[in-house]
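*Asks:* Sharing a structure here in structure tokens format.
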Amino acid sequence: MVALKTLSPEVVPSALEKAKRYRLLNEPDEAESICLDILAVDAANQEALVLLLLALTDKFADHGLNPAYEQGRKIVDKLDSAYCKSYYTGILFERRAKFHLKQGGPGSGAVAYDWFAKAMKAYGEALAGCDPDNQDAVLRWNSCARFINNHPDLKTFEAEQPEMLLDPFDTPH
């Protein structure tokens with residue numbers, strides 16, 4: 001195994017900027033690697049944790065949900081504030097919803113709908129404890145709502161269940 005080199009703590013701010021740029025260039029593996037280097041010297045760096053979470057969710061489309069989804073859940077647990085935990089849980093759920101939708105197949109619309117609903121619940125929890133000037137959770141909640149409204153074919157599992165027919169002989173009179 002090849003030994004990794006240690007990043008100097010002084011360059012963490014510029015490394016964070018590089019990680020952001022790699023995400024914007026749609027290179028989540030590079031962004032992930034930089035974040036891991038930062039976290040090796042500053043394990044509680046909140047910005048690196050958030051960037052790592054976002055880079056992992058960027059990888060859903062090409063690499064599937066696992067192990068990136070489970071890694072993302074663990075990262076959320078390391079975030080300091082209740083707001084961040086709720087907000088980034090919402091991001092994780094929303095991106096999982098879109099992954100399921102792109103996968104297609106039987107029931108994918110219902111699975112996606114349910115993950116959108118979970119994301120909206122998490123965004124609602126984030127709103128309850130956020131600074132009134134921070135409207136990011138509102139924007140994400142509305143994005144999920146618009147997606148659901150623009151895709152009427154999405155429905156919950158409950159909506160897909162066929163109506164049960166009653167046997168006339170078992171019906172009380």
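*Asks:* Please state which one of Ala97, Ala44 is loosely packed, with under 15 Cβ neighbours inside 10 Å and among the hydrophobic types (A, V, I, L, M, F, W, C).
*Replies:* Ala44
*Asks:* Also, quick follow-up: Return the residues of the stretch 55-68 that are assigned to a helix (DSSP H, G or I) and either buried (at least 19 other Cβ atoms within 10 Å of the Cβ) or on the phi > 0 side of the Ramachandran plot (or both); say none if nothing qualifies.
*Replies:* Ala55, Leu56, Thr57, Asp58, Phe60, Ala68
*Asks:* Can you say whether Ala82 is among the small types (Gly, Ala, Ser) and at pLDDT 95 or above, as far as the supplied structure shows?
*Replies:* Considered against the rule, which asks whether it is among the small types (Gly, Ala, Ser) and at pLDDT 95 or above, Ala82 comes out as no.
*Asks:* Checking the condition among the basic types (Lys, Arg), in the same structural domain as Asp131 (by TED's automatic domain parsing) and under 26 Å from Gln135 (Cα atoms), which residue from Arg21, Arg73, Arg95 passes?
*Replies:* It is Arg95.
*Asks:* For the stretch 32-41, indicate whether the set of residues that are in contact with a Phe, Trp or Tyr (Cβ under 8 Å, 6 or more places away or on another chain), among the hydrophobic types (A, V, I, L, M, F, W, C) and free of Cβ contacts under 8 Å to residues at least 60 places away in the same chain is non-empty. Before the answer, list the steps.
*Replies:* The first filter runs over the stretch 32-41 and keeps only residues in contact with a Phe, Trp or Tyr (Cβ under 8 Å, 6 or more places away or on another chain), leaving 34.
Filter again for among the hydrophobic types (A, V, I, L, M, F, W, C), leaving 34.
Of the ones still in play, those that are also free of Cβ contacts under 8 Å to residues at least 60 places away in the same chain are 34.
Within the stretch 32-41, one or more residues are in contact with a Phe, Trp or Tyr (Cβ under 8 Å, 6 or more places away or on another chain), among the hydrophobic types (A, V, I, L, M, F, W, C) and free of Cβ contacts under 8 Å to residues at least 60 places away in the same chain.
*Asks:* Could you tell me whether the stretch 28-47 includes any residue that is closer than 25 Å to Leu127 by Cβ and either of a type in the set (S, T, N, Q) or at pLDDT 95 or above (or both)?
*Replies:* Yes; the residues of the stretch 28-47 include at least one that is closer than 25 Å to Leu127 by Cβ and either of a type in the set (S, T, N, Q) or at pLDDT 95 or above (or both).
*Asks:* Which condition breaks for Leu7 when tested against (1) loosely packed, with under 13 Cβ neighbours inside 10 Å; (2) outside any helix (DSSP H, G or I)?
*Replies:* Failing condition for Leu7: (1).
*Asks:* Can you list residue pairs whose Cβ atoms sit under 6 Å apart, with the first residue in the stretch 114-126 being assigned by TED's automatic domain parsing to the domain that holds Asp136 and the second being of a type in the set (A, V, I, L, M) and assigned to a helix (DSSP H, G or I)? Count only pairs 6 or more apart in sequence or on different chains.
*Replies:* Trp115/Ala97; Phe116/Ala97; Phe116/Ile148; Tyr123/Ala137; Ala126/Ala137
The values are calculated or read from the model by the stated rules, or taken from the named source; none is laboratory data. In this text the structure is predicted, and so the values were computed from the model without any measurement. Note that we place each Cβ from the backbone using ideal geometry, even for glycine, and neighbour counts take in every protein chain shown.
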